[in-house]
Amino acid sequence: MKRFQIGEFSFHSINYIVYTLFMLLCIYPFYYILINSISSPDAIIDGVYFFPKGFTLDTYIQLFQSDNIINAFIVSASRAVIGTVVTVIACAFFSYLITKREMFARKFVYRFVIITMYLNAGLIPWYITMRGLGLKDNYLLYILPTIISAYFIILIKTYMESLPIVLEESAMMDGAGYLRLFSHIILPVCMPILATVAVFHAVNQWNSWTDNYFLVSNPKLQTLQLILLNYLRQAESMASDANRQLITSAAGITGFRVSSASVRLAITMIVTLPIMMVYPFMQRYFVKGIMMGAVKG
């Protein structure tokens, strides 16, 4: 008995040590980017590994003084929120319909959607289609093409099929129609899988920039990702321009310096931090939803 307790204690101790080290390996890159982005350029050259040196927010000030970065942030945030809400509702309703045996040709429709996961026409046909639909320089470019996702439909449909059928039968006996069943019965009990899909799609929407790159020339519709990508490419010139600028304060005139490395690191934090803040609110649904959605084929 004593040997068993010692062995169990050793096993759990090793597990805690290994997983703690793994957690630190996952967290440290983000911490490294943060402390370097708020350190002075000279300290970055010398190396900053554990604590910021020469604390400064000059790089962030320089970035947010740009005329279009605030507007781009609003566009990216709105596309992530609106696009996620519309996609989740559309995929959920579509999945609900193809679970109904009364739907005409439901198997054909479902298989037709699944085929899109394996067949891709390519960039040029996609570009021609988007232009033909009038989505060039149109905000709806960020919403309409991603309303239906085959992968999300598989997850949601599988989850819905795992629900007890008596949930709907009791409501139908009370006179509820399909729309009322969907909105009052199915959606509330599908929150775990819908939250999972929302996290996936919000990340995709926030990180997307290719549609903006190929089809948007209006500066007011540019997303944060594309603007920051351009900043990354122009980090050297931005750093040189920033070093020549002066900030006038109440006490007088003081200068500040930034480097191309600090610009890249600050941009990385600006892009990463907002979407990372979404995960804590969705985490309790995330694991349950993805596991339940993968039980059946």
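Accessible area of the stretch 2-52 with a 1.4 Å probe: how many percent of it is carbon plus sulfur?
Here it works out to 76 percent.
Given the Cα-Cα distance of residue 61 and residue 105 and 0.36 nm per residue of separation, how much length would full extension add, in nm?
10.1 nm
Note the per residue figure in Å³ for the convex hull of the C-alpha positions in the stretch 24-163.
Dividing the Cα hull volume of the stretch 24-163 by its residues yields 206 Å³.
Calculate the spin-label point distance for residue 140 paired with residue 86, positioning each point 7 Å from the Cα along the beta-carbon direction, and give it in nanometres.
It is 0.8 nm.
Rounded if a/c is under 1.5, else prolate if a/b beats b/c, else oblate: with a ≥ b ≥ c from the C-alpha gyration tensor eigenvalues square-rooted, which is the stretch 109-235?
In terms of gyration-tensor shape, prolate.
Normalised radius of gyration for the stretch 1-56, please: alpha carbon Rg relative to 2.2 N^0.38 Å, two decimal places.
Rounded to two decimals, the normalised Rg is 1.86.
For the modelled label position 7 Å from the Cα of residue 278 along Cα-to-Cβ, which residues of the stretch 119-151 have backbone nitrogen atoms closer than 17 Å?
142-151, by backbone N distance to the label point.
The values are calculated or read from the model by the stated rules, or taken from the named source; none is laboratory data. Just so we're clear, the structure is a prediction, and the values are computed from it rather than from any experiment. Neighbour counts run over all protein chains shown; Cβ positions are idealised from the backbone, glycine included. The area values use the complete protein model at the heavy-atom level, side chains included, leaving out ligands, DNA and RNA. Shrake-Rupley method; radii C 1.70, N 1.55, O 1.52, S 1.80 Å.
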